[in-house]
1. If I ask for residues that are open to solvent by 60 Å² or more (accessible area, probe 1.4 Å), aliphatic (A, V, I, L, M), assigned to a strand (DSSP E or B) and farther than 17 Å from S244 by Cα, which ones from the stretch 268-301 would you list?
2. Out of (1) surrounded by 14 or more Cβ atoms within 10 Å (Cβ to Cβ); (2) part of a loop (DSSP other than H, G, I, E, B); (3) in contact with a Ser or Thr (Cβ under 7 Å, 6 or more places away or on another chain), the odd one out for D48 is which?
3. Restricting to strands (runs of 3 or more DSSP E) lying wholly in the stretch 168-258: which have 3 or more residues that are open to solvent by 70 Å² or more (accessible area, probe 1.4 Å)?
4. Quickly run through the stretch 64-96 and pick out the residues that are in contact with a Pro (Cβ under 9 Å, 6 or more places away or on another chain) and buried (at least 20 other Cβ atoms within 10 Å of the Cβ).
5. Could you please tell me which pairs satisfy a Cβ distance under 6 Å, a separation of 6+ or placement on different chains, a first residue in the stretch 69-84 that is assigned to a loop (DSSP other than H, G, I, E, B), and a second residue that is of a type in the set (G, A, S) and modelled with pLDDT of 95 or more?
6. Across the stretch 134-156, what is the number of residues that are open to solvent by 40 Å² or more (accessible area, probe 1.4 Å), in a strand (DSSP E or B) and small (G, A, S)?
7. So, S53, is that one touching an Asp or Glu at 6+ places or on another chain (Cβ under 8 Å) and either open to solvent by less than 70 Å² (accessible area, probe 1.4 Å) or closer than 27 Å to D203 by Cβ (or both) or not?
Amino acid sequence: MKIKLLSVALVLALAFTLGAASSVSAQPPGMPHGFYGDVTIGGNPALDGTVVSAHIGSLSWSTTTSDGKYGYSPAFMIPADDPATPAKDGGVNGDEIVFKVEDMVATTDPAGPILFQSGGIDQVNLSIAAALAADAGGPYSGVVGEAVSLSGSATGGTPPYSYAWDLDNDGAYDDSYIQNPSHTWATAGDYTVELKVTDNVADTATDTARVHVTAVAPPPEYTITFDTDPEATGSISFDGVSYSDGDTVSKTADTYDIVAAPASGYTFDSWEITGGLSVAAPSSATTTCTVSGNGTLRMVQTTGAPPPPPPPPPPPTPGAVGGTAYPANKLLLLAPWIALGLAMIAGASIFVRRRRAQS
């Protein structure tokens, strides 16, 4: 009898255990948790198709935006974990949910943590900074043997940023770790430099720039502007090329031939200059102009016929010695000296006659 009762008890216990196990395996999963809200990137509504994802541990679910929003159409649901499966495949009440936008951790409104709640439906707005972007500047130019200054910058992401440059095009960002380095190239040619930017959450972005290195620095060029006075009259020949009022030309520092070509009915008057120009003969229509900087060359003209030539000098006074009249007051001053000279001549003549008489 005792054996039968024990047997029945064991059967009932086994049945209860199997029933309980059957009851657990048949338990349905909980309700999903729904989310919706606005998505902004860099303060602007996200473009259509921007990926929004929710993460619980290693599990993730994603959707895309439309009109800067997510979770409206279609709805965005995070499923509850199914207790009938051995592996975790959904949320359990109290699980923390991390939202990302384009794989960047988003700031949530309301502020986190955002927790899973079976059957919940909540508005959670998401925002991230603009995507991290690097700018290597350029294009740059320089001269062999002289340092070329580079300028790097970054936007978006999460500041502060760190910078690393590949200046020898070997694929390694190990040549400089400052934002604005300088580099010298030993031979002329075209080179590529690359900048890698890393932000505060370890996101990275890269950018390249071209550097053109020449063997000799080209001489600087200066802009010469041509002007005529009166306006839009005549032309100016500069280095053999004719220019009108308002024209410009770029020239290196040097001296160039210039010729004035006044308009019909006008006569050249003078050259006027401003800035880094000088004219050898400002009153001559044909002369030279020296360029040492930017400046304006103006041709000044006058209307009507040119002025008559100056009158010839008056003829000499008739009877004057050498064709020139001698002032009377100067003759009076010379009279004593003339008398003295005549006396000396007379005395010498008397002396000579006496000597002859004595001999």
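1. Those that are open to solvent by 60 Å² or more (accessible area, probe 1.4 Å), aliphatic (A, V, I, L, M), assigned to a strand (DSSP E or B) and farther than 17 Å from S244 by Cα: none in the stretch 268-301.
2. Of (1) surrounded by 14 or more Cβ atoms within 10 Å (Cβ to Cβ); (2) part of a loop (DSSP other than H, G, I, E, B); (3) in contact with a Ser or Thr (Cβ under 7 Å, 6 or more places away or on another chain), only one is false for D48: (1).
3. 204-214
4. Within the stretch 64-96, T65, I78, A80, D81, G90, G91 meet the criteria.
5. A75/G34; P79/G90; D81/G90
6. Of the residues in the stretch 134-156, 3 are open to solvent by 40 Å² or more (accessible area, probe 1.4 Å), in a strand (DSSP E or B) and small (G, A, S).
7. yes
This table checks each residue for (1) over 21 Å from S118 (Cβ atoms); (2) hydroxyl-bearing (S, T, Y).
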site	(1), (2)
S62	no, yes
D67	yes, no
D81	no, no
K88	no, no
F99	no, no
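The values are calculated or read from the model by the stated rules, or taken from the named source; none is laboratory data. Predicted model only: the values in this text are computed from it and were never measured. Methodologically, a virtual Cβ is constructed for each residue, glycine included, from the backbone with ideal geometry; neighbour enumeration extends over all protein chains shown. To get the accessible areas, we keep the full protein, side chains included, count just its heavy atoms, and leave off ligands, DNA and RNA. Shrake-Rupley method; radii C 1.70, N 1.55, O 1.52, S 1.80 Å.
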